[in-house]
Amino acid sequence: MAAISSSHPNPDPNPNFISPMLQPYLEQQRQGFQPDPPPDDESQYDAVSENDSRDSSTTHINNSPIPNPNPNPIKLLHVSFNQDYGCFATGTDRGFRIFNCDPFREIFRRDFDGNGGGVGAVEMLFRCNILALVGGGDSPQYPLNKVMIWDDHQSRCIGELSFRSEVRGVRLRRDRIIVVLEQKIFVYNFADLKLLHQIETIANPKGLCAVSQVTGSFVLVCPGLQKGQVRVEHYASKRTKFVMAHDSRIACFALSQDGNLLATSSSKGTLVRIYNTQDGSLLQEVRRGADRAEIYSLAFSPTAQWLAVSSDKGTVHVFSLKVNSGNVGSERPNSPEPQPSVPTSSSSLSFIKGIPTRYCAFPSIELMSLIALACHGVLPKYFSSEWSVAQFRLPEGSQYIVAFGHQKNTVVILGLDGSFYRCKFDPATGGEMTQLEYHNFLKPEEAF
């Protein structure tokens, strides 16, 4: 139920309800206001006054470290990028914080007073003052079955959406709010919080969902009703496309900004596949590795020339994509289907150049057996796979998400251990990325 206050969870909204607190934001929407980053890269959060805080404490960040009055260590519950990857938000057991990526700095924090304070999900709307919050942790600030619409200029919640089960995820567009439950997704109109669409899904404990961000085109991707199936909703053309992406369950997926390309991975975590969202065709397949892995995140570069992947193996991979996202939405009569690389007839051992260097440096009986098979004309698919162009190795034991930075050929990596990395890769030579920057955003003084 979309209401300022409601004690009984109910997913059915009141279509006539418009929160008076949303009026300033709605007026901006009607006038075509676009809350993009200001030219000097300053966040709008800097306009919030400490004296305006009503039910929480506000801290504004300057260049010097701020002493933490609470001696207990902060527990990080959530981390996520905003829609253009220029900022990221964290949810902690005390509240939430907002950071700028380049240059790295903490631009805002809000710690809630009282016994609660835990925020398990924070979804930004680009850089404007509207946020979506969900409670989390041992002492949640809000019920786990509610999405709170927070206006940080007013330092208060201006609306809420309540449900009968726990919220697994939230996604925002300038015109839509998408709420993900265990087996259902709700799509709301941002202007009046009216329910527009309900989608049934297979069990989705991770809250998997992705939406495009281009104005005038709304593409939503979520798990289907079958294992390994992805559902693609094209709201502009009112079309639904189902893609059988993998044999095992879907573990992660990502959309390009325009919604034309979809990258998927399964619970095996060995392969990543790129699909055309218009017709569901497979455009490319790349290989992360040979052994199973849990994929934590996938991310397209702004031009969809590159794809970044992070997993529990502690390595971030960057793959080169062969497709042009801008041409995917149109007819492509002259575009051949991507073909896997095959050895030339000049040498039955030419496939060795595609083997990861770790196998070549330490030849094994397994590798020698595969070479023998190749000599007899049997080429395993493993060695004809497309491998990553660049890699960056991280400490194992934490979960990491990745996105492309605003500087050319850079990636930004965030960890649930509080780590922030900015790295650069060479698109020509590939190989190991160069670390440009590191910070622990839970302990700002720790940087090198």
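For the range 256-271, the set of residues classified as in contact with a Lys or Arg (Cβ under 8 Å, 6 or more places away or on another chain), open to solvent by less than 20 Å² (accessible area, probe 1.4 Å) and of a type in the set (Ser, Thr, Tyr) consists of THR264, SER265, SER266, listed by residue number.
Selection of the range 230-239 for residues being in a strand (DSSP E or B) and open to solvent by 20 Å² or more (accessible area, probe 1.4 Å) yields ARG231, ARG239.
Scanning the range 118-130 for residues that are open to solvent by less than 10 Å² (accessible area, probe 1.4 Å) and over 16 Å from the mean Cα position of the chain (by Cα) gives GLY118, VAL119, ARG127, CYS128, ILE130. Can we say GLY280 is in contact (Cβ under 8 Å) with a residue 24 or more places away in the chain and either over 22 Å from VAL79 (Cβ atoms) or open to solvent by less than 20 Å² (accessible area, probe 1.4 Å) (or both)? Yes: the conditions hold for GLY280.
Screening the range 74-87 for residues that are of a type outside the set (Lys, Arg) and touching a Lys or Arg at 6+ places or on another chain (Cβ under 9 Å) and picking the one that is modelled with the lowest pLDDT gives ILE74.
Those residues that are of a type in the set (D, E, K, R) and either more than 21 Å from the chain's Cα centre (by Cα) or open to solvent by 50 Å² or more (accessible area, probe 1.4 Å) (or both), I need them from the range 147-176; list them, please.
ASP151, ASP152, ARG156, GLU160, ARG164, GLU166, ARG168, ARG171, ASP175, ARG176
Conditions tested, residue by residue: (1) crowded, with 19+ Cβ neighbours inside 10 Å; (2) over 18 Å from the mean Cα position of the chain (by Cα); (3) closer than 20 Å to SER80 by Cβ.
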site: ILE178; (1), (2), (3): yes, no, yes
site: LEU193; (1), (2), (3): yes, yes, no
site: ALA203; (1), (2), (3): no, yes, no
site: GLY224; (1), (2), (3): yes, yes, no
site: HIS246; (1), (2), (3): yes, yes, no
site: ALA254; (1), (2), (3): yes, no, yes
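Check whether at least one residue in the range 259-270 is of a type in the set (Val, Ile, Thr) and not in a strand (DSSP E or B), and report yes or no. Yes, the range 259-270 contains a residue that is of a type in the set (Val, Ile, Thr) and not in a strand (DSSP E or B). Only residues that are surrounded by 15 or more Cβ atoms within 10 Å (Cβ to Cβ) and modelled with pLDDT of 95 or more were counted in the range 420-435, giving 7. A search for C-beta distances below 8 Å between a residue of the range 226-252 that is under 13 Å from ASP279 (Cβ atoms) and any residue that is open to solvent by 60 Å² or more (accessible area, probe 1.4 Å), counting only pairs 6+ apart in sequence or on different chains, returns VAL232/THR240; VAL232/LYS241; VAL232/PHE242; HIS234/THR240; HIS234/LYS241; LYS241/ASP279.
Might you let me know whether the range 240-256 holds any residue that is in a loop (DSSP other than H, G, I, E, B), in contact with a helix residue (DSSP H, G or I) (Cβ under 9 Å, 6 or more places away or on another chain) and not hydrophobic (A, V, I, L, M, F, W, C)?
The answer is yes, given that some residue of the range 240-256 is in a loop (DSSP other than H, G, I, E, B), in contact with a helix residue (DSSP H, G or I) (Cβ under 9 Å, 6 or more places away or on another chain) and not hydrophobic (A, V, I, L, M, F, W, C).
The values are calculated or read from the model by the stated rules, or taken from the named source; none is laboratory data. What you see is a predicted model, and the numbers here were worked out from it, not measured in a lab. Quick reminder, even Gly has a Cβ in these numbers, built from the backbone with ideal geometry, and neighbours come from all protein chains shown. SASA here: full protein model, heavy atoms, side chains in, ligands and nucleic acids out. Shrake-Rupley method; radii C 1.70, N 1.55, O 1.52, S 1.80 Å.
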